[in-house]
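What follows is calculated from the coordinates using simple rules that are stated; it is not laboratory data. Computed from a predicted model, the values in this text were never measured in an experiment. So basically every Cβ, Gly included, is an ideal-geometry build from the backbone, and we count neighbours across all protein chains shown.
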Amino acid sequence: MSVLIQEVDFDLAAELLALRAGNSRVGAMVSFVGLVRDFSHDETIESIYLEYYPSMTEKALNKIIDEATTRWNLINVRVIHRIGQLIASDQIVLVATTALHRGEAFAGCEFIIDYLKTAAPFWKKEQTKVGSEWLETRASDVKRMEHWHNDTTGK
Amino acid sequence: MKIKLVYFGRPREHLKVSSEAVDVPAEASTLAALLAWLRLRGDVWAQELADSRVRCAINQEFASLPAAIKDNDEVAIFSPISGG
């Protein structure tokens, strides 16, 4: 289980290889990679800027990972979130999970990214030609997170 | 009561401060009262720190407006989060 918050990019293949290394019980590995889009509200995004709260962000992410691990018997989890200046098509976030079977790996991965969106302290600012704007938590993300409250798997 | 304030996101940018040590009056003993006290600084402070515009944490845990503040706490004030 590990969390990394960094400015530099990550190598998906290398991360996945490391995540399952040395464990032949792993029957499923799922990864989610979030990317920077180049549009928002019909404006072209020139870049985005991300900041975080050192110590609190890691703590919040570890709590989310612990819950997912218990609920779906995950074998291993890797979360990498980038900060600083990013441009369109850049990788922003990686969530990868391993488990005995695909069901647990899929659900655990989705749970972690859904909670990350609504419970991990990151702040994102979009820069367009007309100016910059700090984004706020999206109602659709809150809804996705809340649906897990009604999902009793592993509870 | 001495506390540390840290700012992130929109308030950090608009208030041009990322952290400060402050000595708050005893009556500013909840997040709601602390925000009201900081708004007395006027102008951009009054605007940026409206209850509806900010979220808070005490000692790296999310906290709501009625939450109590103690001596030496680290209080974070930020705009709604938006990661991923």
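Summary table
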item: Hz values of 3J(HN,Hα) by residue in the range A:8-16 - Karplus curve (6.51, -1.76, 1.60), Gly and Pro given as x; result: 6, 5, 10, 9, 4, 4, 5, 5, 5
item: Rounded tilt (10° steps) of A:56-72 against the dominant C-alpha axis of chain A; result: 40
item: Amide H contacts of A:Asn76 (H built 1.01 Å from N, under 5 Å, at least 5 apart or other chain); result: A:Thr98
item: By average C-beta atoms within 10 angstrom, highest first, the peptides A:138-148, B:67-77, A:107-117; result: A:107-117, B:67-77, A:138-148
item: Cα-Cα P(r), the range A:54-155, percent of pairs per 5 Å interval; result: 2, 12, 21, 21, 20, 12, 7, 4, 2, 0
item: C-alpha long axis of helix A:102-119 to longest principal axis of chain A, angle in °; result: 40
item: Shape call, the range B:2-78: gyration tensor on alpha carbons, a/c limit 1.5; result: rounded
item: Under the Karplus curve 6.51 cos²θ - 1.76 cosθ + 1.60, θ = phi - 60°, whole-Hz ³J(HN,Hα) for the range B:58-68, x wherever Gly or Pro sits; result: 10, 6, 6, 10, 3, 9, 9, 3, x, 4, 7
item: The range A:1-94 shape via C-alpha gyration tensor axes, a/c threshold 1.5; result: prolate
item: In Å, descending, principal axis extents of the Cα set of the protein assembly as shown; result: 60, 42, 30
